[in-house]
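Read-outs: derived from the displayed coordinates by stated rules, not from any lab. What you see is a predicted model; the values in this text were computed from it and never measured. Here Cβ is always computed from backbone atoms with ideal geometry, including for glycine, and neighbour counts include all displayed protein chains.
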There are 2 protein chains.
Amino acid sequence: MDLHDIALPIQDHLPVFNRVFREALRSKVGLVELITKYIVRQKGKKVRPILVLLSADVCGTVNEKSYRGATLVEILHTATLVHDDVVDNADTRRGLASINAVWKNKIAVLMGDYLLSRGLLLSLENDDVAFLKITSTAVRRMSEGELHQIQRSRKLDMDEPAYLRIIGDKTASLLSTCCEIGATSTSGNPEHHRLLREYGELVGLAFQIRDDILDYTGRKSITGKPTGLDISEKKLTLPLVHALARATAGERKQVLGMIRSGGKKVNVRHIVTFVEEHGGITYALERAREFAQSAKQRLETLPDSPSRRSLLAFADFVVEREK
Amino acid sequence: MDLHDIALPIQDHLPVFNRVFREALRSKVGLVELITKYIVRQKGKKVRPILVLLSADVCGTVNEKSYRGATLVEILHTATLVHDDVVDNADTRRGLASINAVWKNKIAVLMGDYLLSRGLLLSLENDDVAFLKITSTAVRRMSEGELHQIQRSRKLDMDEPAYLRIIGDKTASLLSTCCEIGATSTSGNPEHHRLLREYGELVGLAFQIRDDILDYTGRKSITGKPTGLDISEKKLTLPLVHALARATAGERKQVLGMIRSGGKKVNVRHIVTFVEEHGGITYALERAREFAQSAKQRLETLPDSPSRRSLLAFADFVVEREK
């Protein structure tokens with residue numbers, strides 16, 4: 001199953017979501033309208049709205065609140081991407097030129113702020129205060145998680161518990177938010193909220209571990225990213241963390257020394273082999289599968305439905321994907 | 001009266017505000033704590049918290065809600081500054097190195113996001129939903145106003161109504177928010193909320209017009225900014241807008257042509273003289289004084305108190321200041 005198949009059960013809701021999303025961003029300022037239309041044209045994979053709608057459908061009947069929840073997370077995600085592209089000086093996004101490339105940094109940052117304020121207002125105007133609590137906790141975790149990772153990278157100091165906490169904060173928190181918001185929009189049962197929140201968190205962990213594995217094993221022609229990007233950015237992810245824990249003190253010193261010196265001194269091929277030889281890839285994949293399995297267990301008590309089957313398939317999809 | 005005198009009536013509340021502000025930003029991540037402490041050391045003039053607390057004191061008794069309101073606007077303002085410095089590649093802020101200069105852009109942007117999420121959570125955790133509605137409307141107006149100004153600058157297309165709308169959005173909205181939040185924190189009377197909101201909006205207009213006048217008349221040794229910075233950024237502000245409206249078609253064409261070509265072709269001295277000769281400075285100053293006067297009228301029905309006198313003095317201060 002790919003993402004298209006996974007989205008089938010809530011397919012008919014996507015055009016309504018698109019309309020609510022577009023409406024929420026309306027502005028009387030021409031430049032804002034122009035950039036908003038451009039963002040709509042960039043259209044991403046819509047993983048987050050799809051998760052909101054599937055979770056909503058699993059726990060009840062998709063309604064206006066579900067569309068607004070999907071819009072809130074998509075707006076938030078879009079704002080983050082616009083700001084990210086500024087920081088990374090990225091020229092393209094989703095196959096089109098990035099906002100900062102077309103309109104300059106100043107406009108891109110303002111546009112990001114505008115998007116955030118519209119997301120907030122959409123929720124406030126509709127008294128979706130519960131959504132906001134869930135979402136702002138995720139924003140805090142995401143920024144704190146990224147900053148925590150930077151701090152650890154500088155010291156090259158990472159173990160498995162710290163790694164799991166960081167990826168929980170920076171990645172799993174938003175997927176968890178999507179699923180919890182979806183459940184909240186259609187069910188008043190706190191048990192539903194908890195199950196979907198935990199499903200999202202666990203799927204998020206599996207997703208990020210797979211992402212970190214692909215940094216070692218992925219082909220640039222498929223993933224679009226060069227192998228070993230994390231290594232060159234001094235990010236110690238699970239495959240390497242595990243390999244380092246199993247290596248001799250001498251090997252550890254040599255590998256960390258190479259990463260620390262950075263630049264051309266880093267032999268990516270050498271480090272990938274080191275990780276493979278110490279079972280880092282195999283171990284990380286096992287852990288990802290375990291998290292996906294735990295995620296699926298969270299859905300066991302919920303009634304069978306096409307949307308539930310899609311969420312089960314999504315848990316497998318994130319671990320087995322090649323890009 | 002300077003800002004120090006204006007703050008005297010709420011002087012004793014500032015240490016409590018500082019504590020609430022500091023508490024709201026606590027983090028378990030060392031790097032976040034480090035940067036937060038640095039931000040606290042940078043300490044600004046605290047105009048916004050002072051306005052919140054004065055407005056609160058004018059309408060009732062300063063309380064926990066008032067401190068949280070002051071914290072929310074100061075956090076929001078700080079986040080904006082951190083992001084601004086990234087966009088402008090600024091090296092310093094308040095006499096210390098900027099966050100981006102010390103820790104790089106990526107960390108500065110994440111820190112801005114972290115600050116925003118903490119501001120949000122502070123309000124949500126305390127059910128200050130009214131604060132959030134007021135504030136997110138201001139954030140929308142601020143970003144939309146800035147984008148509107150950029151759009152107009154590109155076309156060199158500006159008249160007084162558009163100018164007033166833009167400065168209302170980009171500047172007056174946040175001062176208005178401060179005063180309305182303050183009033184909301186201590187009074188349940190919607191009339192109080194309206195009066196303080198309008199006072200803040202009008203003072204904000206006067207403030208920005210004075211700022212724009214100083215761009216023509218200010219001395220760099222006092223303002224810290226070179227004369228004519230707006231002209232070189234193609235920003236048409238009230239003194240110039242008024243002068244252009246009173247000039248002949250030929251003069252208008254010549255001045256706009258010079259501004260459009262930009263760079264070394266812009267003779268700032270020439271444009272300043274043009275504006276002065278057509279009464280642009282005098283007119284803008286009159287308008288600023290009118291707005292300050294209207295602001296003060298909004299406070300007429302409120303009982304006399306040291307804080308009320310400070311708000312009256314603040315309206316004069318923003319128009320007469322030299323920096």
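Here the contact order of chain A, divided by its residue count and restricted to Cα pairs under 8 Å and six or more residues apart, works out to 21 percent. Partner lysines whose Cα lies under 24 Å from the Cα of B:K106, excluding those fewer than 8 positions away in the same chain, are identified as A:K104, A:K106, A:K155, A:K170, A:K225, A:K234, A:K235, A:K264, B:K28, B:K37, B:K43. Modelled label positions at A:K133 and A:R22, each set 7 Å beyond Cα in the direction of Cβ, lie 3.5 nm from each other. The residues B:M158, A:M1, B:M111, when put in order of fewest to most other Cβ atoms within 10 Å, stand as A:M1, B:M158, B:M111. Measuring from each Cβ of chain A to the axis that turns chain A onto chain B, the shortest distance belongs to A:V129, 3 (residue, then whole Å).
Residues considered: A:K235, A:K43, A:K28. Largest GNM mean-square fluctuation over chain A, using C-alpha springs under 10 Å, is found at A:K28.
Using alpha carbons only, the radius of gyration of region B:215-323 set against its Kirkwood radius gives Rg/Rh = 1.10. Peptide B:133-145 shows a mean partner chain C-beta count of 6 within 10 Å per residue C-beta. Rg of the Cα atoms in region B:110-175, relative to 2.2 N^0.38 Å, amounts to 1.38. Note on chain B: with a GNM built from Cα contacts shorter than 10 Å, the maximum mean-square fluctuation among B:V32, B:V87, B:V16 falls on B:V87. Amide H contacts for B:R93 (H built 1.01 Å from N in the peptide plane; partners 5 or more residues away or on another chain; cut-off under 5 Å): B:S98. Between copies, B:E23 shows label-point distances of 4.1 nm, shortest first, with the point placed 7 angstrom from Cα along Cα to C-beta. Summary for B:A97: label point 7 Å along Cα→Cβ; distances to the equivalent points in the other copies, ascending, 3.5 nm. Between B:A97 and B:Q42, the modelled label-to-label distance comes to 1.3 nm, taking each label 7 Å out from Cα in the direction of the beta carbon.
Note on region A:34-106: the alpha carbon radius of gyration divided by the globular reference 2.2 N^0.38 Å gives 1.28. Arranged from fewest to most other beta-carbon atoms within 10 Å of their beta carbon, B:F317, B:F17 become B:F317, B:F17. Across the protein assembly as shown the C-alpha pair distances fall into 10 Å bins from zero in the proportions 3, 14, 23, 24, 18, 11, 6, 1, 0 percent. Taking every residue in B:37-50 and counting other chain Cβ atoms within 10 Å of its Cβ, the average works out to 0. Under conditions of 10 °C and 1.306 mPa s, region A:3-320 yields 77 µm² s⁻¹ as its translational diffusion coefficient, taking Rh as the Kirkwood radius over Cα pairs in the Stokes-Einstein equation.
Report summary: the helix-based calculation at 222 nm, which adds -39500 (n - 2.57) for every DSSP H run with n ≥ 4 and divides by the residues of chain A, gives -24000 deg cm²/dmol.
The distance from the alpha carbon centre of region B:304-323 to that of region B:96-169 is 25 Å, rounded to a whole number.
Which of A:T237, A:T227, A:T171 moves most in a GNM of chain A, Cα contacts under 10 Å? In the Gaussian network model the winner is A:T227. Starting from the label point of A:R165 at 7 Å along Cα→Cβ, the same points in the other copies fall at 5.1 nm, in ascending order.
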